[in-house]
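Reviewing the structure listed below.
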Amino acid sequence: MRMSLIASSIAVLLAIPLVANAADEPRFNVVNLEASASQQVSNDLAHAVLFVELSDNDPSKLADKINQTILAAQKTLKQYPSVQSAGTGYSSYPLYNSKNQPQGWRSRGELRINSKDFTALSQLIAALQKPQSTGIALQLADIRYEVSEQSRKQVEDQLIGEGLKAFRERASLIQRGMSGSGWKAINLNVQTQTNSPPPRPMYRMAPAMMEAAAAPAPAPVDAGESRLFVTVNGSIQIGD
């Protein structure tokens, strides 16, 4: 057993210089090039963040108010099966007066939701902006739209084929320009990228304005589009 292990080790050591020498062989007529393909795609997935933010001198009572409101909002969410919860969040920080003395706490609870059903999402956002069972309403922080993973994969698979075709066409163009007999790819890199619109912030109204405002209407839906890119870059060697 020991002899076979030694023999294997020697074989590997002997093979290493051969591989290294092959990799160090000089290459001529090597050209680096890049090609790309892109497509505008309708956003089919929406993400929204709603929150409740309150102040109180007692941090325990404050946390309970916010947590109960978020729980009530999650019950409202269950009435819309086509909308999914993406989790919750909680943050808190102390408040100080002009003399830098502590005078209470301010906390914020968040509910994140997403859906492909824009109509249901809009209706749910309106329902959550009404007072929940705790008597407290949530506010809308922002809405973000994007291309869903399934749709993105379908388009990217198509764009990869178009990107590779564009790479081959460009390589052939270079080969003819250099009067070469042909070309071969040495290495290729395929990269994907999405340019999506930024989140749309929703500005918070003052309490007096909120009281005077009518019942919240369904949030307007304008999903827009994103542009998907596929870039193919690499090196080719032109034949003599």
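For Ala185 and Asp117, what is the calculated FRET efficiency with R₀ set at 51 Å and r taken between the beta-carbons, to the nearest 0.05?
With R0 = 51 Å, the Cβ-Cβ based efficiency is 0.70.
Straight distance only, please: which aspartates and glutamates reach the Cα of Lys116 with their own Cα at less than 19 Å, same-chain residues fewer than 8 apart left out?
Candidates past the 8-residue exclusion: Asp44, Asp142, Glu146, Glu149, Asp222, Glu225.
Mind ordering 148-156, 62-70 by average Cβ neighbours within 10 Å, highest first?
Per-residue Cβ counts within 10 Å, averaged per peptide and sorted highest first, yield 62-70, 148-156.
Could you rank the peptides 44-56, 100-112 by their average count of other C-beta atoms within 10 Å per residue, with the highest value first?
44-56, 100-112
Suppose the chain between Asp222 and Arg27 were pulled fully straight at 0.36 nm per residue; how much longer would it get relative to their current alpha carbon spacing?
64.9 nm is the gain from fully extending Asp222 to Arg27.
Subtracting the Cα-Cα distance from 0.36 nm times the residue separation, let me have the gained length for Arg170 to Tyr96 in nm, one decimal.
20.2 nm
Where Rh denotes the Kirkwood radius from the mean inverse Cα pair distance, what is Rg over Rh for region 35-108?
1.24
What's the extension gain from Glu162 to Ser42 if we count 0.36 nm per residue and subtract their Cα-Cα distance?
Here the segment from Glu162 to Ser42 would lengthen by 41.3 nm.
Over region 79-174, with every protein chain in place, what whole percent of the accessible area is carbon and sulfur at 1.4 Å, could you tell me?
After summing per-atom areas, the C and S share lands at 47 percent.
For region 59-66, what does the Karplus curve 6.51 cos²θ - 1.76 cosθ + 1.60, with θ = phi - 60°, yield as ³J(HN,Hα) per residue in whole Hz, taken in order and with x for Gly and Pro?
Result, rounded to whole Hz: x, 5, 5, 4, 4, 5, 4, 5.
Within 10 Å, count the other beta carbons around each residue, average over each peptide in 159-167, 137-145, 178-186, and list them highest first.
137-145, 159-167, 178-186
The values are calculated or read from the model by the stated rules, or taken from the named source; none is laboratory data. Since this is a predicted model, take the numbers as computed values, not measurements. In this analysis, Cβ positions are derived from the backbone assuming ideal geometry, glycine residues included, and neighbour counts consider all displayed protein chains. Surface areas here come from the heavy atoms of the whole protein model, side chains and all, with no ligands, DNA or RNA. Shrake-Rupley method; radii C 1.70, N 1.55, O 1.52, S 1.80 Å.
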